[in-house]
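The values are calculated or read from the model by the stated rules, or taken from the named source; none is laboratory data. Computed from a prediction, not measured in an experiment: that's the story for all the values here. Note that each Cβ is placed from the backbone with ideal geometry, even for glycine, and that neighbours are counted across all protein chains shown.
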Amino acid sequence: MPNEKITIEFNDRVVRQFLLATVIWAAVAMLVGVLIAAQLNFWRLNFDTSWLTWSRLRPLHTNAAIFAFVGNMMFAGIYYSTQRLVKARLASDFLSQFHFWGWQAIIVAAAVTLPIGLTRGKEYAELIWPINLMVVVVWVVFAVNFFWTLARRHEPSLYVAIWFYIATIVTVAMLYIVNHLSIPTSLTHSYPIFGGVQDALVQWWYGHNAVAFFLTTPILGIMYYFLPKAAERPIYSYRLSVVHFWSLVFVYIWAGPHHLLNTALPDWLQTLGMTFSLMLWAPSWGGMLNGLLTLRGAWDKVRTDPVLKFFAAGVTFYGMATFEGPLLAIRSVNALAHYTDWIIAHVHVGTLGWNGFMAAGMIYWLLPRLWSKPLHSTALANLHFWIGLVGILLYVSAMWTSGITQGLMLNATSENGTVLTYPNFLDTLPAIRPMMLMRVIGGGLYLTGWLLLAYNVLRTVRGARPVNGSVEVFAGAAEAGPSTLSVSGSFFNPPVVFSVVIFVFACAWMFGGDLVRIAGIAGAMFSVVLAYLHYESRGRRWADWYDRLLVTALPFTVLTLIAVIAGGLIQIIPTLVAQQSQNVEDRRQVPYTPLELAGRDLYVSDGCYLCHSQMIRTLVSDVLRYGDYSRLGESIYDHPFQWGSKRNGPDLARVGGKYSNLWHLRHLDDPRSTSAGSNMPRFHWLLTDPLNLDTLPRKIAVQRTLGVPYPPMTDAQVVAAAVAQAREVADNLRADGASVAPDREVVAMIAYLQKLGKYEAVAQRADGRTARLND
Amino acid sequence: MFQRLVLHDSAALYTIAAFSVAACIFVAFAWRAMRMRRAQIDRLGRLPFETATPASKNEPDPESSPD
C-alpha cells in the first residue's frame, strides 16, 4: 500500500556508541600528542624504553587522531544524518554493531602493535597487514550498511551531504587498498609491492587523499547537515554546494605529488601536483563561504550557543587550512617549509581547528537529542571553546614561527651561496626550543578543553534515558520521486560518452608518440566541437541525465569513483611503467646485503624515518649540507621508500661512510655523547636485544619477488652472509675499543647506516634502457 | 612511450593542462548548478529539516547561561 503511513525508528544506538568512542579516543590521541611534543623538548620523557620512545608513539598519535578520533566522529555523524536525510533506518543492526566493534578492535590492535615496533613504515599506513585486512573488512561492512540503507530510502533525492559520504566511502576504499598492497614475510611483517619513487608517489597519493577523503569530505558532509540544523536555516547556497562537491572530487586527487616537491620525483608530476593544489583554493573556499554564510541572520546565536561557536570557528579553520595547503604546495614556498614545523602547524590547523571543532560542535548538538536530557553545562561548553581556541592559536603560531625559523636557518648560505651559515643541523634546535615548549602548552590547553567536553558528556549521559529518533513516511515514498537511471542509461549517454572519448584523445595527445600525438590533438578538438554541437541541439538530454543521476545512488557512486580514479591513474601508471630499475638514469642503488636489510627493517620498526629523511632535494642548501642531490634510481629498491616528510634530525641519504662504526654505536646508545644538545631519544636496547635472523631468508625471497636483483641464495647462505658481515662489524668495533656481540641488533643497524648512499653508475643504452658503466 | 614524460621538460604543458582540466570542471558544474530550478534548489536545501528532532526541546535556554 503506497499511501500507508509508517513510522520508522532510527538506529541511534550505534550513533551513541560512536559518539562516546570519539570522546574517549580523541582524549587518548591528544594525550599522546602532548607527550610526544614534550619528548621533543625533554628527551628524558622517552623514559629509556622502546615502547614509549617518540618514534614509536608518533604513529600512534597520528593513527589515533585520524582513524580513532575523526573516524569514530565521522561514523557517528554519517549514521545520524544519513538516516534522517533518506528517511530510513540503517539497513542492518548486525552490520552496524559489527562496524562499531570491528572498528574499536582495529584501534586497540593498532594501540598494541605500534608501540612495540610493528609497522609498515609508511605514514598513516603503518598498521601491519593483518590489521589492514581487518580495516578492509570493516570498511566493506560500513559500505554495505550505508548503500543498503540508501537502497531502502523513502526520500528519492540525495542531499549533498550524502554525495560527500559516497565519495568518502569509495575513495578511501580505493586509496587504502592500493597503498597497502604488500607481500607478507611473516604474520607481523610485510614489504609493500611498490618501491622507491613508485612507493613515494603511491604513498602520497594515499596520504594526501587520506586528508582529503577521510578528514575533509565526510566532515564537509557533516557540515552540510549539522550546520543548517544548528543555525535553523538551510545552507546558504545549494548551487554552490554542488559546485563545491564536483570540483573538490575531481581536483583533490591530483594534488598528492605536492608532498614530494624538489625531490627526485619526475618534474612533470611535481608540476601537476603543484598546479592542481592551487586549483583547490576555489572549491575549498567556496565550501567555507557557503558554511559561514549559512549563519547569516543567526550570528546573534553564535554569541551564546557553543554549538554554533564551534561550527563557525571550525569552518573558519577549514578556510585557513585550505588556504595554507595550496600556498605550501608552491615549489619555492615548499623549499622553505617542507621538512619543518610549518607543515606540523598546517596539519594541526586542520585536525584541531577543522576536525576537532566540528566534532565538538556536533557532539554538543547531538547530546541532548540522543539522551533526551539537556546538556549538563552550556557554560562549560563555552569554556571548552575558548580554551581550545587559545590552545590552537598558541600551537599553530608557535609551529609557524618554529618552521619558518628552521627553514630560514637551514637554507641560509653565505659567501655567494657557497657556504652554509649554520652548518650544524643542531644549530637550529636552541632557536626553536621556546616555540616547541609553547606547542606543549597549546596542545595541553586543547587537551584540557577536550577533557571538559568529556566531563560534560559524562554528566549529561549519567542517569539519562537514551532515545531514538523517528520519522513518519508513506510506504513506497521513494518510488514516487523522479525516475531513476538504468545501468546502461547511466553510462551510455552523451555526457559520459563524450567525456570518455575526449579523455582518451587527451591521453593520446599527452603520452603518445608523434603520430599518435597528432591524432590525439585532432581527435580531442573534434570531439569537443561535436560535444558542443550535440549539447546545443540535444541539451535537454544532458540535463535530464544529470537530474536522474542525482537520485540514483549506484551510478552516482560509480561515476564518482571514476572521477577520483582518473587523476590517480594518469599520475601513477606512467610512473609504474617508466620508473623501473632497468631504465633509471645516472645512478642505481646497490641492493642491501642480508645483514643490511635486517638493519633496515629495524630502522623502519623504530620509526627513524619519522625524524630523518633520505632525500637530498635539488636545493643549494640541501646539497651543501648533505651532499649531491638524490637521484631517482638511488632508492629504486627501497620497499618501503624512506624519503621522509619531516626533519627533526639531519638527512641520512648519504650518511654511509661519513662516520665510523664506533660513532654510530655511541650515537645510538646515547646521542648526546656524539652530538651535544641533541634531543634524539636513546636507542640503547639495540645494543642488548638479540638480532633475529629467522625470517631473513623469507624476506630476501620476497625482495627478489619484488624485483630486487638478489642472486639465488639458499636459506643457509642468507644467514651465513649476515653472520659473516656481522662479525666484520663487531671486529671493527672491537678494534676501536668497543665490545658488542655480533648477534646484537645494533650491528645490523650500523651495517645499514653505513650502506646509505652507495650506488652504481649507469649509462643509457641505445634501446632506451640502462646498463652499468662497466658492462 | 612514457619515456618522454621523464626526459622532456614539459612544465608549461602540464601547468596549462592542469588548469584546463580544473577550469572545465568548474565551468561545467557551475553552469549545471546555475541551471537548476529554484523549486528543486529549495526542496533539496530543506531536506535536513524534513525530519524533526524532537529531543531538541530539551536543550537549555542559551540565554540563561553566561557566555
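One table, with the values for the structure above:
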item: Within the stretch B:28-41, considering residues that are surrounded by 12 or more Cβ atoms within 10 Å (Cβ to Cβ) and of a type in the set (A, V, I, L, M, F, W, C), the one farthest from A:G273 (Cα to Cα); result: B:I41
item: Qualifying residue in the stretch A:310-320 (condition: away from chain B (no Cβ under 13 Å), closer than 21 Å to B:F29 by Cβ and at pLDDT 95 or above); result: yes
item: Given (1) buried (at least 24 other Cβ atoms within 10 Å of the Cβ); (2) under 30 Å from A:A27 (Cα atoms); (3) away from chain B (no Cβ under 14 Å), index of the condition A:L260 fails; result: (2)
item: Subset of the stretch A:723-759 (residues that are out of contact with any Lys or Arg (no Cβ under 6 Å at 6 or more places or on another chain), in contact (Cβ under 8 Å) with a residue 40 or more places away in the chain and part of a loop (DSSP other than H, G, I, E, B)); result: A:D736, A:G737, A:A738, A:V740, A:D743, A:L756, A:K758
item: Count - residues of the stretch A:509-520 that are under 20 Å from A:G567 (Cα atoms) and more than 10 Å from chain B (Cβ to nearest Cβ); result: 1
item: Test: A:F226 is within 9 Å of chain B (Cβ to nearest Cβ) and either in contact with a Pro (Cβ under 6 Å, 6 or more places away or on another chain) or surrounded by 24 or more Cβ atoms within 10 Å (Cβ to Cβ) (or both); result: no
item: Any hit, the stretch A:268-283, residues being touching a Ser or Thr at 6+ places or on another chain (Cβ under 9 Å) and away from every other protein chain (no Cβ under 11 Å); result: no
item: Only listed residue being within 21 Å of A:Y238 (Cα to Cα) and either surrounded by fewer than 21 Cβ atoms within 10 Å (Cβ to Cβ) or at pLDDT below 95 (or both), chosen from A:G273, A:G286; result: A:G286
item: Any hit, the stretch A:234-254, residues being of a type in the set (A, V, I, L, M, F, W, C), more than 9 Å from chain B (Cβ to nearest Cβ) and over 21 Å from A:T217 (Cα atoms); result: no
item: Residues satisfying the stated conditions in the stretch A:687-722, i.e. closer than 26 Å to A:P192 by Cα, among the β-branched types (V, I, T) and free of Cβ contacts under 8 Å to residues at least 60 places away in the same chain; result: A:T714
item: A:F94 being in a helix (DSSP H, G or I) and in contact with a helix residue (DSSP H, G or I) (Cβ under 8 Å, 6 or more places away or on another chain); result: no
item: The lone exception for A:P640 - which of (1) surrounded by fewer than 20 Cβ atoms within 10 Å (Cβ to Cβ); (2) touching a residue at least 12 places away in the same chain (Cβ under 8 Å) it fails; result: (1)
item: Qualifying residue in the stretch A:402-416 (condition: within 14 Å of chain B (Cβ to nearest Cβ), crowded, with 21+ Cβ neighbours inside 10 Å, modelled with pLDDT of 95 or more and within 26 Å of A:A313 (Cβ to Cβ)); result: no
item: Scan of the stretch A:158-198 for residues that are β-branched (V, I, T) and within 14 Å of another protein chain (Cβ to nearest Cβ), ordered by number; result: A:V160, A:I162, A:V197
item: The lone exception for A:R44 - which of (1) under 30 Å from A:S678 (Cβ atoms); (2) touching a Lys or Arg at 6+ places or on another chain (Cβ under 9 Å); (3) not hydrophobic (A, V, I, L, M, F, W, C) it fails; result: (2)
item: Residue list for the stretch A:526-552, filter: in contact with a helix residue (DSSP H, G or I) (Cβ under 6 Å, 6 or more places away or on another chain), buried (at least 20 other Cβ atoms within 10 Å of the Cβ) and in contact (Cβ under 8 Å) with a residue 40 or more places away in the chain; result: A:L549
item: Selection from the stretch A:514-564 of residues that are among the polar types (S, T, N, Q) and in a helix (DSSP H, G or I); result: A:S527, A:S537, A:T557, A:T560
item: Meets criteria (of a type in the set (D, E), within 14 Å of chain B (Cβ to nearest Cβ), over 18 Å from the mean Cα position of the chain (by Cα) and surrounded by fewer than 22 Cβ atoms within 10 Å (Cβ to Cβ)) for A:E155; result: no
item: Qualifying residue in the stretch A:379-390 (condition: surrounded by 21 or more Cβ atoms within 10 Å (Cβ to Cβ) and more than 14 Å from every other protein chain (Cβ to nearest Cβ)); result: yes
item: Which numbered condition A:Y395 misses (of (1) surrounded by 15 or more Cβ atoms within 10 Å (Cβ to Cβ); (2) more than 27 Å from the chain's Cα centre (by Cα); (3) of a type in the set (S, T, Y)); result: (2)
item: Yes/no for A:F146 being in contact with a His (Cβ under 6 Å, 6 or more places away or on another chain) and either in a loop (DSSP other than H, G, I, E, B) or buried (at least 22 other Cβ atoms within 10 Å of the Cβ) (or both); result: no
item: Qualifying positions in the stretch A:325-375 - within 17 Å of the chain's Cα centre (by Cα), within 14 Å of chain B (Cβ to nearest Cβ) and not in a helix (DSSP H, G or I); result: A:A329
item: Residue, modelled with the highest pLDDT, within the stretch A:481-495, restricted to residues that are within 14 Å of chain B (Cβ to nearest Cβ) and under 27 Å from B:R43 (Cα atoms); result: A:P495
item: Given (1) of a type in the set (A, V, I, L, M); (2) without any contact (Cβ under 8 Å) to a residue 24 or more places away in the chain; (3) out of contact with any Lys or Arg (no Cβ under 8 Å at 6 or more places or on another chain), index of the condition A:L595 fails; result: (2)
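Conditions tested, residue by residue: (1) closer than 26 Å to A:N63 by Cβ; (2) part of a loop (DSSP other than H, G, I, E, B); (3) acidic (D, E).
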| site | (1), (2), (3) |
| --- | --- |
| A:Q614 | yes, yes, no |
| A:T618 | no, yes, no |
| A:V623 | no, no, no |
| A:Y629 | no, yes, no |
| A:E634 | no, no, yes |
| A:G649 | yes, yes, no |
